[in-house]
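Take a look at the structure set out below.
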Amino acid sequence: MAQFPNHPMFRGFNRPLRIECEVFELEYEGRIPEALNGAFYRCGPDPQFPPRDPNDLGINGDGYVSSFRFQNGHVDFCQRYVRTDKFNEERKARRALFGAYRNPFTDDPSVAGVDRTTANTSTIWYDGRLLACKEDGLPHELHPETLQTLGKFNFGGGLRMPAVTAHPKVDPYTGELVFYGYECSGLAAADAAYCVATADGRLLREDWFALPYPAMIHDFAITRNYVIFPIMPTTSNLERMKAGGDHWRWDPSLPTLLGVMPRDGKVEDIRYLRGPARWSFHTMNAFEESGKILLDTTVAVANAFFKHIDGTPGNPAATPFYLTRWTCDLQGKADGFSETRLYALPSDFYSVDPRYVGRRYRYGFMAVKEPAQPQSTLAPSSFNCVGRIDHHTGDVETFFVGEEAVVQEPVFVPAGPKSAEGAGYLLAVVNRLLENRGDLIILDAMKLAAGPVAVVRLPLLMRMAFHGNWVPEATLERARARQTPELQ
Ligand code: FE
């Protein structure tokens, strides 16, 4: 086999792992809280084969899902690739056939027209199913215990658009899945679709609409009554792609447009509120207050992960993201939105108590880069702390995860169905870069500075994943009870 490129994206702690495994009965220190019965899933990229383009983006790796199965104080681990069409074709060929990130014009002709999604961005739980998602394709259903791939999920065949966001929202009151897709009618198309489905898998609406320009829409937000689509100038261009160029580039000549519409309204009535060019990957939450929509999200002055529209490379280390509140005054006449920074230190990978999605909330959880703490020399732009912001006071409490360590997305787990907002635990994978292995740390979400209540030790390197989710035991049991025989 050819070798992976001698590029930081494929070397050191970023080296592809390519290991599918189970580890039964992980070691741990401390005490596993009794409330933690269920499964913690996470999804990220891990290239099965060396890329066709030696400068390929790390985010183009194949979907790689891990589970931490918590049962009565025991933790078992499982890790598998998502069997996408891309994965299966390349495995047959024993080499990469698909080319650059989201550019099918760079593929081997033998796979023309084959679904290219890597399903590498998030895991979600919906309609009794574990789904691995990426915004350029359909979700892939995985067996909740074995992580075996069961097939693509398209709402029983009801969905017309070819791709679903990796960041859908579940309304905690109605149980509805509110989501969207973009590039619905094809590559670089300036369109998107607003979708709502019932908690039990029935698609209620899929309404396509034209975008002001062909934009990447990685995340969005809901409130009790509204949906907000942040349209920001990371733009696509079909001619550029046909010439073998990038799918996305950053074009700061275009404005940010927050598309706001009532959740039960018509897409024709989306109202766009303008602001300067910004880039945001992830929403923390949004809610309504006194005729305004308050959207808390991570904001940078540019999308430095992609090249500038003129072809110059971005500089992610010099373009930090900050937790920011965008306020839309729906009653005012102004066609803009206001911007307030909520926390002075760089942060991303947010989580909230799932019972407060779209509602006024107090606590947000995040990965933080705290300059006062030692920075990793091996991963200088990574996050070194877990943080909790209290929106009532503005205070932030953090926990430093250690020298030469990187913390991944912290996921909040409520202590119980009736516990107070924020009472519960944070689960986060920490990469120990000098040891070439990882830990899963479990923190009391209201006492971060006290340090983990348990540290679950992994015997292997953990790949940098993107997003995960927690599924309680009772939910897994209900899914087992109604599953088809192969899931028993
Ligand atoms: Fe994301």
Residues that are in contact with a strand residue (DSSP E or B) (Cβ under 6 Å, 6 or more places away or on another chain) and farther than 28 Å from His218 by Cα, drawn from region 461-475: Glu473
Any chance Ala166 is within 16 Å of the ligand (Cβ to nearest atom), in a strand (DSSP E or B) and surrounded by 23 or more Cβ atoms within 10 Å (Cβ to Cβ): no
Strands (runs of 3 or more DSSP E) wholly inside region 1-98 containing at least 2 residues that are closer than 21 Å to Val407 by Cα and among the charged types (D, E, K, R): 27-30
Scope region 145-163; condition in a loop (DSSP other than H, G, I, E, B) and in contact (Cβ under 8 Å) with a residue 60 or more places away in the chain; matching residues: Glu145, Thr146, Leu147, Gln148
Meets criteria (without any contact (Cβ under 8 Å) to a residue 40 or more places away in the chain and open to solvent by less than 30 Å² (accessible area, probe 1.4 Å)) for Glu141: yes
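Here's the yes/no breakdown for (1) open to solvent by 10 Å² or more (accessible area, probe 1.4 Å); (2) basic (Lys, Arg); (3) over 29 Å from Val170 (Cα atoms):
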| position | (1), (2), (3) |
| --- | --- |
| Pro410 | no, no, no |
| Pro417 | yes, no, no |
| Ala423 | yes, no, no |
| Lys447 | yes, yes, no |
| Asn469 | yes, no, no |
Pairs, first touching a residue at least 60 places away in the same chain (Cβ under 8 Å) and closer than 23 Å to Ala465 by Cβ in region 106-127, second more than 16 Å from the ligand (Cβ to nearest atom) and of a type in the set (S, T, N, Q), C-beta under 6 Å, six or more apart: Ala119/Thr84
Hits in region 317-328 - residues which are under 25 Å from Arg240 (Cβ atoms) and either part of a loop (DSSP other than H, G, I, E, B) or touching a Ser or Thr at 6+ places or on another chain (Cβ under 6 Å) (or both): Thr319
Segments classed as strands (runs of 3 or more DSSP E), wholly inside region 380-488, with at least 3 members that are within 16 Å of the ligand (Cβ to nearest atom): 467-472
Region 281-306: number of residues that are of a type outside the set (S, T, N, Q), away from the ligand (no atom under 14 Å from the Cβ) and in contact with an Asp or Glu (Cβ under 6 Å, 6 or more places away or on another chain): 1
Qualifying positions in region 103-136 - within 15 Å of the ligand (Cβ to nearest atom), of a type outside the set (Ser, Thr, Tyr) and either within 14 Å of Ala163 (Cα to Cα) or touching a helix residue (DSSP H, G or I) at 6+ places or on another chain (Cβ under 8 Å) (or both): Ala119, Asn120, Leu131, Ala132, Cys133, Lys134, Glu135, Asp136
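The values are calculated or read from the model by the stated rules, or taken from the named source; none is laboratory data. In this text, all values refer to a predicted model and were calculated from it rather than measured experimentally. Backbone-built Cβ (ideal geometry, glycine too); neighbour counts: all protein chains shown. Protein only, heavy atoms only, side chains kept; ligands, DNA and RNA dropped before computing areas. Shrake-Rupley method; radii C 1.70, N 1.55, O 1.52, S 1.80 Å.
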